[in-house]
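Step one of this worksheet: look at the structure below.
The values are calculated or read from the model by the stated rules, or taken from the named source; none is laboratory data. Because the structure is predicted, anything quoted here is derived from the model rather than measured. Here the Cβ positions follow ideal geometry from the backbone for every residue, glycine too, while neighbour counts run over all protein chains shown. Only protein heavy atoms, including side chains, enter the accessible area calculation; ligands, DNA and RNA are left aside. Shrake-Rupley method; radii C 1.70, N 1.55, O 1.52, S 1.80 Å.
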Protein chains: 2
Amino acid sequence: MGASVKQGPEGQGIMDEVGRTGAAQADDAPARAVRIQDVARLAEVSTATVSRALATPERVSVEARARVLEAIARTGYVPNPAARSLRSQKTYMVLVVLPDLSNTFFSKILRGIEETLFEAGYGMIISDLDGSPEKEAHFAAFTAAGRVDGAILLNGHLFGQSRDGKGSAAKLNIPLVALCEAIPDADIPQIEIDNRAAARRMTQHLAQLGHRSIAYVSGPAQNVLERERFRGYRDGLRASALPFDPDLVVSGDYTLESGVRAGEDLLARAKRPTAVFCTSDEMAIGLVRTLSSAGVRVPEDISVAGFDDIEFAAVAQPALTTIHQPRRELGQTAATVLIDLLQGRTTPKRIRLKTDLITRNSVSSPR
Amino acid sequence: MGASVKQGPEGQGIMDEVGRTGAAQADDAPARAVRIQDVARLAEVSTATVSRALATPERVSVEARARVLEAIARTGYVPNPAARSLRSQKTYMVLVVLPDLSNTFFSKILRGIEETLFEAGYGMIISDLDGSPEKEAHFAAFTAAGRVDGAILLNGHLFGQSRDGKGSAAKLNIPLVALCEAIPDADIPQIEIDNRAAARRMTQHLAQLGHRSIAYVSGPAQNVLERERFRGYRDGLRASALPFDPDLVVSGDYTLESGVRAGEDLLARAKRPTAVFCTSDEMAIGLVRTLSSAGVRVPEDISVAGFDDIEFAAVAQPALTTIHQPRRELGQTAATVLIDLLQGRTTPKRIRLKTDLITRNSVSSPR
DNA sequence: CCGCATGATGTAATCGATTACATCCACTTT
DNA sequence: AAAGTGGATGTAATCGATTACATCATGCGG
């Protein structure tokens, strides 16, 4: 494949132009890329036929196609994406927008996305917004400039809409898919888990074990996920005939540190709940740690449940009972839907993947 | 993973399709992108001047430049990357090749890379090799097709060289940078930490606390990092006047599971070491967990040290004493070096970033 | 006052693939 | 036999920005 030694059988100058470069780059071999013309010449057809042989094989005679494929194999031709893109107005690139690339939660999702895109011949560009409006604006422009064919949004809002609901750059004219965090008023496919049902299920699980006082450690107040999970928590209480007690709601923001704070909050109380439902594993881990350091045993004294099932949930001490999100599958699904859109197929407007309740050792019946 | 009892979901459907989205955008305005011509017309200059105003401002009169910028601001013009790329043979895209995107260790590095590339106006394309030679071949072709200007390799080898040392696709003709895992015979800049010095330091640290019997849990045998760290371990022993005992070397592969196995190995021994140096945090966590479950206390009975300082090292019980790798900075540095290369500047051939020894609670003096 | 250097700007070729349109050829239909 | 049909192929316009080269104005030295 790579043995691209020189092959100039015909005497006619294939290279008509003198590739003179101004720069004093005295490198070894410039190794000019194979162009469609070179393939055409070798296969003794026109460039149009080569192009068609690749894009619409059925419109080319069998012999011509064979000769073209042969020539391509011999030369190792790969179409120049810039040229192709310029003409056909497609980039075969997809933008993935997420709030924080270094967050563990996203990496497996990304992998699912990447896999699926790859198989369909698409590349993936990642945009880590990092809470920066400038970055967001840049990527909005980037997208508007036609640099990608579509985008998967993991950040919970459309471009340019971070502050005011009526952002300017909303008219991106390219297919979009929202993943994980639903985007309220956007008319784009949403891929997510059923947060409400999952939270409800965990709450009921705790109630069924006999817990009557179940605390809830929330996510950021405005967050879409948070709202759903909170609803699910209340659903679960209601279904278990338990009263809702606002004092049992501790506010957090999904981070480990906020879990630590929530733990300190609980420790400071005279009357502690027997179970705590944290809406992220990180918070659960931070909370468990704080409780343990204070001599409160988990789950003997207090049961703690998480949400997400990140890698370390299984390794934490005690191993965390939590809600498993099918992260890879979420990514795959979002990518599949986007590709369907890109290729003109119809797609469901909303897909909810199912979650699992994973029971480990951080939850037990109250004493 | 042992303790995970999986429970089936309640009666919710896998796919909950609510409504459908048509593929056709049915848009109001086609919103044809602004071209350089439009800007030129508005600014009453030629397209050449517009182009120059952006690329080489010093070659354009102040007034003309002002008019051009004004026109650009008014129209919201963004150059078409395909066209620019086609003509200038640059893509402003960098490929990042890594073995496993879902591995926690890489995400912060990626973030550092992304940040730096972004600031320099480059985009990032991620290639998760996933151990697949086909994927690797694809990306080699992708790269050869001129789809990216340069690449950062986190996978420890050049394209196409996974098996035989003399890979075919080595002649990529584009700037490359190796990050974290040095690539032995490649003549490209290497960005890494000083694995040997770090391992030595940790070993000496343990010895200074009074440990005489320090076990070593290794990475995969052929791994470059492993070799360096192993050398460092022996350096540390020597510097502390401790003998090297092959029995104290337990083989692992950086995964959590191999840490668990290493733990079982140690538990089975009649005579246990007083300290264990694991060459990854994941292994250390798996090992600690196994020891704890067996009633062996860390650090009272056995001290355990890790390597990497991943997020959960600080949260583990006990919090892990480990070697901190400046991951974000590693990414930033690699990106900076690559950009320097891309822009024709000279770069150091090898950069070693400093590591820190983080002392937490998993290590103490032996009793 | 002429010629030349310098700097600003315009003109048009160019990058490489796609694709609308034209052409050609071998058959079929009337 | 003339006209029509459809499949295969070629020709050349096209996508939008960059940039080599041409042009023009200005200023300076001789």
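Details
- Lone qualifier among B:Thr336, B:Thr346 - being in contact (Cβ under 8 Å) with a residue 40 or more places away in the chain and either assigned by TED's automatic domain parsing to the domain that holds B:Ile174 or farther than 30 Å from B:Gln89 by Cβ (or both): B:Thr336
- Restricting attention to the stretch B:71-122 and to residues that are of a type in the set (D, E, K, R) and away from DNA strand C (no atom under 14 Å from the Cβ), the residue that is nearest to A:Lys108 (Cα to Cα) turns out to be B:Asp100.
- The number of residues in the stretch B:207-257 that are open to solvent by 70 Å² or more (accessible area, probe 1.4 Å) and either hydroxyl-bearing (Ser, Thr, Tyr) or in a helix (DSSP H, G or I) (or both) comes to 9.
- Here B:Val39 passes the criteria (1) assigned to a helix (DSSP H, G or I); (2) crowded, with 22+ Cβ neighbours inside 10 Å; (3) within 32 Å of the chain's Cα centre (by Cα) except the one numbered (3).
- Residue in the stretch A:275-285 that is surrounded by fewer than 20 Cβ atoms within 10 Å (Cβ to Cβ), within 14 Å of chain B (Cβ to nearest Cβ) and not in a helix (DSSP H, G or I) present: no
- All positions within the stretch B:262-274 that are part of a helix (DSSP H, G or I) and buried (at least 20 other Cβ atoms within 10 Å of the Cβ): B:Ala262, B:Gly263, B:Leu266
- Screening B:Ser362 with (1) crowded, with 17+ Cβ neighbours inside 10 Å; (2) within 13 Å of chain A (Cβ to nearest Cβ); (3) at pLDDT below 95 gives one miss only, at (3).
- Identification of helices (runs of 4 or more DSSP H) wholly contained in the stretch B:51-162 with 2 or more residues that are open to solvent by 10 Å² or more (accessible area, probe 1.4 Å), out of contact with any Ser or Thr (no Cβ under 7 Å at 6 or more places or on another chain) and away from DNA strand D (no atom under 16 Å from the Cβ) yields B:62-75, B:104-119, B:133-144.
- The set of residues in the stretch B:318-350 that are among the hydrophobic types (A, V, I, L, M, F, W, C), under 20 Å from B:Val96 (Cβ atoms) and either modelled with pLDDT of 95 or more or buried (at least 20 other Cβ atoms within 10 Å of the Cβ) (or both) comprises B:Leu330, B:Ala334, B:Ala335, B:Val337, B:Leu338, B:Ile339.
- Checklist (1) away from chain B (no Cβ under 12 Å); (2) closer than 26 Å to A:Glu136 by Cβ; (3) not aromatic (Phe, Trp, Tyr) applied to A:Glu58, failing item: (2)
- Out of B:Leu86, B:Leu110, one residue alone is over 23 Å from A:Ser85 (Cβ atoms) and either facing chain A (nearest Cβ under 10 Å) or touching a His at 6+ places or on another chain (Cβ under 8 Å) (or both). It is B:Leu110.
- Residue in the stretch A:314-330 that is outside any loop (DSSP other than H, G, I, E, B) and small (Gly, Ala, Ser) present: no
- Selection from the stretch A:291-302 of residues that are outside any loop (DSSP other than H, G, I, E, B) and either closer than 14 Å to A:Ala313 by Cα or open to solvent by less than 20 Å² (accessible area, probe 1.4 Å) (or both): A:Leu291
- Any chance B:Phe312 is more than 14 Å from every other protein chain (Cβ to nearest Cβ), open to solvent by less than 30 Å² (accessible area, probe 1.4 Å) and either aromatic (Phe, Trp, Tyr) or free of Cβ contacts under 8 Å to residues at least 24 places away in the same chain (or both): no
- Sole residue being of a type in the set (S, T, N, Q) and farther than 16 Å from B:His211 by Cβ, chosen from B:Thr321, B:Thr274, B:Thr346, B:Thr359: B:Thr346
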